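The values are calculated or read from the model by the stated rules, or taken from the named source; none is laboratory data. This is a predicted model, so every value here is computed, not measured. Methodologically, a virtual Cβ is constructed for each residue, glycine included, from the backbone with ideal geometry; neighbour enumeration extends over all protein chains shown.
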Amino acid sequence: MSGRYEIRFSGSGGQGLILAGVIFAEAAAIYDGINAVQSQSYGPEARGGASKSEVILSDGAIDFPKATSIDLMLALTQEACAKYCKDVKEGGTLLVDEDFVHDVPAGDYNVIRLPIIRTASEAVGKAFVANIVAIGAIAAITGRVSREAVEKAVLSRVPKGTEELNRKALSAGYELVERRTV
Amino acid sequence: MTRVKLLQGNEACAEGALYAGCNFFAGYPITPSTEVAEHLARKLPRSGGVFLQMEDEIAAMAAVIGGSLAGCKALTATSGPGFSLKQENLGFAMLTEIPCVVVDVMRGGPSTGVPTGPGQSDIMQCRWGTHGDHPSICLTPAYVEEIFSETVRAFNLSEKYRTPVIVAFDEVVGHMRERIEIPEPGAIPLVGRPRPTCPPSEYLPYDDSRGDVPPMANFFEGYRYHVTGLNHGPDGFPVNASPRIHTDELRLLRKVEGNRGDIVRFAEHRLEDAEVAVFAYGICGRSAKTAVDQARSEGIRAGLFRPLTVWPFPEEQVAALSGRVRRIVVPELSLGQIVLEVDRCAKGRCAVEGIHRVDGDPITPAQILARIREAL
Amino acid sequence: MAFDYGKYIRPGKLPHIWCPGCSYGIVFKSLLRAVDAQGLDPDDIALVSGIGCASRLPGYVDFNTLHTTHGRALAFATGLKMAKPDKHVLVVSGDGDATAIGGNHFIHACRRNIDITLLVFNNFIYGMTGGQYSPSTQPGRFASTMPYGNVDFAFDIPALATGAGATFVARGTAYHAAALDKLIVDAMRHRGFSVVDIVNACPTTYGRRNKFKSPTDMLLWMKDAFVPAAAYAKLSPDEAAGKFPMGVLHRVDGKPEFCEAYYGMVERLKS
């Protein structure tokens, strides 16, 4: 279990969080050569509801593929935050959207509030790239996957013609974190 | 194109089928197996193969058998309720000895149950699902790369022994994504069905005088013969109240049971000096491996036996294991199915104890570790 | 002009299992004459069946023959045809096999317009199991499971096939055997899904229960009750009572056939 790092992406169905998990895992596993697995819990509904996607990174083999002791959890909605934050480990990080998650349950973890959705809709110009902004922010916070790998993974998965938009969204995500730490 | 990919288990299953030479798929949409069909719906037409979405699960199984009889390597994929519907024609393929591969991505519960959660409670149905005595080969991969390689092996075994082969894995490994390196073409040898060498006039489709697996002619190749779901003689025509029925059904079983050495595959982890063993397949095998490593780090001598072939059951291996350990713990996503087989083979030589869970979530390493600790 | 049936019949496989007076033998011979008239190579023909009296027919014929599970023949046949679209795939089925347990496969084969010919041996009863009523048993008729007269309703099989999208639909009878030859030839030559509803006599389990004095009576009923479609259309409602149209009842040329559509897609993807 050495070096096992668990990430959970959560929000509402349709926000592209499953894709965010896939891209993050692909960045790690394909472009950086780190062991990574991605899984998700499915519900019957394709849109709405609380949705989550998980990525496990490790130096060693990854056998159990689900997150049970989370190092970093993203919550883009209040509902997802309330429902899923109980698995964040002591000293872990809870990253929430500062406009959409107001009530963060008390816990022994660090809370980071960032305007992820607002950044996507205002700074980048399209709310639907919030998942890509989130990837940038998470990559910057964790520092586990190279920026080059993340960018390659994003560009290989997004629709043709949206590369510039997504590159911009990814940079905006990194900047949210970098600005906060200076 | 790169051969290293991050693939979902279901996608790896479809890729494994293509690697094995699958050129015929018929299916029906059902969660959590649908991605197998969707992947092949994109790929098969591009390589000239057949992709059919049939009117129901029964028709899909029937079409697969028809495709195979016409010479294709044929696949269907389904889950719980669909697997129940496949049983009728699965039995037909077993009795008529028509190769095909059936994938069952296991979900929870009887009836509609838990469509989006993992289960392992179809495992006895994989052995005994269709009526009558019949052989069964069932492979149980646990990793995405294994789903690929075991799907290839399923096609090979199916062709070699002229019998349907089931590949059963649960929703978690079917849906999770993991790194996989697709082998170069030819790296895994492919096997075709035994073919007749005699002229059509001498061909007997079920002639077992030269071995338990008779050569198979495909339809439309000049070997005009009869295939029937009735018990039949060497010429393929029905027989009634004949000793041949008994000996032929024994032969069907022998094709599988008599070739355990070739069919049974398993993985062992830290069993050399183990006092407590975990017997687990699929997602439970993954949880168990983590639990065994944690137990070892606590100084507990634990090990894992993970079958990749559940049917035929690895009887000799479990019997031997039961003589070496004090206890075998059997985690499974059912209320107690495969534990009965372990117990049958242990014959009282050690304690056998199940861990069961059917709420749509996997058994965690912590649950297994707790039982390993209790065992000592 | 003695026809040599022997060249299509497997040596040693007769006598057939059908009862004395059963009309299936008449239809069996009509089928062989129809195949012969087209000059087809037996190696290129698959004859597929499900379960029931009619489903034993393939065993007697020297083609590629496949006797499958109850109601599923069309689904097996679809697999064969899609794998080898240039071969001829024929299905023989009973009324129960085709429209009860196999009803879903029946309507979907029609919808798909796959180039398979289905011959429905329609004797209004489950014969092999001893005379239970089927989806084609007319109201008021008697069966072992309708001992007080049938209170259920019947499918009009040609109408069902037409409604579901079959592009060649015909009806013949065992009595009108010469006309049946031509219907089977036309059905097999049609590019698309073709259905021939063939009215048959089961004296053993249907005739005896329904006041037919002999197998001959059943054939004579066919002679009177079935009228060529063009003549039937001219009958007044009174004259039409108790009569049924026969011949080609529905035909559409030019609707894409499923194998052509599928392999057309395959070709497009190559470029």
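Of the residues that make up the range A:36-50, is at least one modelled with pLDDT under 95 and within 12 Å of B:ARG177 (Cβ to Cβ)?
yes
When the range B:35-56 is filtered for residues that are part of a helix (DSSP H, G or I) and either free of Cβ contacts under 8 Å to residues at least 40 places away in the same chain or not assigned by TED's automatic domain parsing to the domain that holds B:LEU69 (or both), the ones remaining, listed by number, are B:GLU38, B:HIS39, B:LEU40, B:ALA41, B:ARG42, B:LYS43, B:LEU44, B:PRO45, B:ARG46, B:SER47. Looking across the range B:235-250 at every residue that is within 14 Å of chain C (Cβ to nearest Cβ) and in a loop (DSSP other than H, G, I, E, B), the one that is nearest to C:GLY59 (Cα to Cα) is identified as B:PHE237. Condition (residue is without any contact (Cβ under 8 Å) to a residue 60 or more places away in the chain and away from chain C (no Cβ under 14 Å)) applied to the range B:61-77: is it met by at least one residue? Checked the range B:61-77: no residue is without any contact (Cβ under 8 Å) to a residue 60 or more places away in the chain and away from chain C (no Cβ under 14 Å). Contact map, the range B:358-376: residues that are modelled with pLDDT of 95 or more paired with residues that are in a loop (DSSP other than H, G, I, E, B) and charged (D, E, K, R), Cβ distance under 7 Å, separation 6+ or inter-chain. Pairs shown: B:PRO362/A:LYS66; B:ILE363/B:ARG357.
Yes/no matrix, rows are residues, columns are (1) closer than 22 Å to B:VAL173 by Cβ; (2) over 22 Å from the mean Cα position of the chain (by Cα); (3) more than 14 Å from chain C (Cβ to nearest Cβ):
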| site | (1), (2), (3) |
| --- | --- |
| B:GLN8 | yes, no, yes |
| B:GLU15 | yes, no, yes |
| B:VAL36 | yes, no, yes |
| B:ARG42 | yes, yes, no |
| B:ARG46 | no, yes, no |
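Take the residues in the range B:343-364 that are within 12 Å of B:GLY117 (Cβ to Cβ) and surrounded by fewer than 17 Cβ atoms within 10 Å (Cβ to Cβ), then tell me which one is farthest from the other protein chains (Cβ to nearest Cβ). Going through the qualifying residues, I end up with B:ASP359. In the same structural domain as B:LYS160 (by TED's automatic domain parsing), assigned to a helix (DSSP H, G or I) and touching a Leu at 6+ places or on another chain (Cβ under 8 Å), is that true of B:LYS86? When the stated conditions are applied, B:LYS86 does not pass them. Within the set A:ILE112, A:ILE141, A:ILE135, A:ILE117, the sole residue that is at pLDDT 95 or above, of a type in the set (A, V, I, L, M) and not in a helix (DSSP H, G or I) turns out to be A:ILE112.
When you check C:TYR24 against the structure, is it surrounded by 21 or more Cβ atoms within 10 Å (Cβ to Cβ), modelled with pLDDT of 95 or more and among the aromatic types (Phe, Trp, Tyr), yes or no? So C:TYR24 fits the description; yes. The single residue among B:VAL213, B:VAL172, B:VAL239 that is of a type in the set (A, V, I, L, M) and buried (at least 22 other Cβ atoms within 10 Å of the Cβ) turns out to be B:VAL172. Scanning the range C:48-63 for residues that are in contact with a strand residue (DSSP E or B) (Cβ under 6 Å, 6 or more places away or on another chain), within 21 Å of B:GLY91 (Cα to Cα) and not in a loop (DSSP other than H, G, I, E, B) yields C:VAL48, C:SER49, C:SER55, C:PRO58, C:GLY59. Scoring C:MET82 on the criteria (1) away from chain B (no Cβ under 14 Å); (2) touching a Leu at 6+ places or on another chain (Cβ under 8 Å); (3) not small (Gly, Ala, Ser) leaves a single failure, condition (1).
This table checks each residue for (1) among the β-branched types (Val, Ile, Thr); (2) over 25 Å from A:TYR31 (Cα atoms).
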site: A:LEU94; (1), (2): no, yes
site: A:PHE100; (1), (2): no, yes
site: A:SER121; (1), (2): no, yes
site: A:ILE138; (1), (2): yes, no
site: A:GLU163; (1), (2): no, no
site: A:LEU170; (1), (2): no, no
site: A:VAL177; (1), (2): yes, no
site: A:ARG180; (1), (2): no, yes
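Flag set for C:ALA261, criterion: within 14 Å of chain B (Cβ to nearest Cβ), part of a helix (DSSP H, G or I) and either of a type in the set (Lys, Arg) or over 18 Å from C:THR162 (Cβ atoms) (or both).
Condition check for B:GLY222 on (1) modelled with pLDDT of 95 or more; (2) at negative phi: one failure, at (2).
Scanning the range C:85-108 for residues that are within 9 Å of another protein chain (Cβ to nearest Cβ), under 30 Å from C:ALA143 (Cβ atoms) and either surrounded by 24 or more Cβ atoms within 10 Å (Cβ to Cβ) or touching a Lys or Arg at 6+ places or on another chain (Cβ under 9 Å) (or both) turns up just one, C:HIS105.
Set side by side, the residues B:ILE245, B:ILE283, B:ILE300 differ, and just one is β-branched (Val, Ile, Thr), at pLDDT 95 or above and not assigned by TED's automatic domain parsing to the domain that holds B:CYS345, which is B:ILE245.
The set of residues in the range B:295-344 being more than 13 Å from B:LEU271 (Cα to Cα) and among the polar types (S, T, N, Q) consists of B:SER297, B:THR309, B:SER334, B:GLN337. From the set of residues in the range B:48-59 that are at the interface with chain C (Cβ under 8 Å from one of its Cβ atoms) and either more than 25 Å from B:THR130 (Cβ to Cβ) or of a type in the set (A, V, I, L, M) (or both), which is surrounded by the fewest Cβ atoms within 10 Å (Cβ to Cβ)? Per the stated criteria, the residue is B:GLY48. Exactly one residue among A:GLU6, A:GLU26 is facing chain B (nearest Cβ under 10 Å), of a type in the set (Asp, Glu) and closer than 21 Å to B:GLY9 by Cβ, and that residue is A:GLU26. Residue pairs whose Cβ atoms lie under 7 Å apart, sitting 6 or more positions apart in sequence or on different chains, and linking a residue in the range C:220-239 that is of a type in the set (Phe, Trp, Tyr) and modelled with pLDDT of 95 or more to a partner that is in a helix (DSSP H, G or I) and surrounded by 13 or more Cβ atoms within 10 Å (Cβ to Cβ), are C:TYR232/C:ALA240.
A Cβ distance below 7 Å, combined with a sequence gap of six or more or placement on separate chains, defines the contacts here; from the range B:206-223, residues that are within 9 Å of chain C (Cβ to nearest Cβ) reach residues that are of a type in the set (Ser, Thr, Tyr) in the pairs B:TYR223/B:TYR203.
Can you tell me which residues in the range B:89-114 are assigned to a loop (DSSP other than H, G, I, E, B) and surrounded by 24 or more Cβ atoms within 10 Å (Cβ to Cβ)? Answer for the range B:89-114, where residues must be assigned to a loop (DSSP other than H, G, I, E, B) and surrounded by 24 or more Cβ atoms within 10 Å (Cβ to Cβ): B:ILE98, B:PRO99. Count of the range B:17-34 residues, restricted to those that are within 12 Å of another protein chain (Cβ to nearest Cβ) and assigned to a helix (DSSP H, G or I), is 1. State yes or no: is C:ARG111 at the interface with chain B (Cβ under 10 Å from one of its Cβ atoms), in contact (Cβ under 8 Å) with a residue 24 or more places away in the chain and either of a type in the set (Phe, Trp, Tyr) or surrounded by fewer than 22 Cβ atoms within 10 Å (Cβ to Cβ) (or both)? In short, yes. Screening the range B:115-181 for helices (runs of 4 or more DSSP H) wholly inside it with 1 or more residues that are under 13 Å from the mean Cα position of the chain (by Cα) and either away from every other protein chain (no Cβ under 14 Å) or within 25 Å of B:GLU38 (Cα to Cα) (or both) returns the ranges B:123-128, B:144-161.
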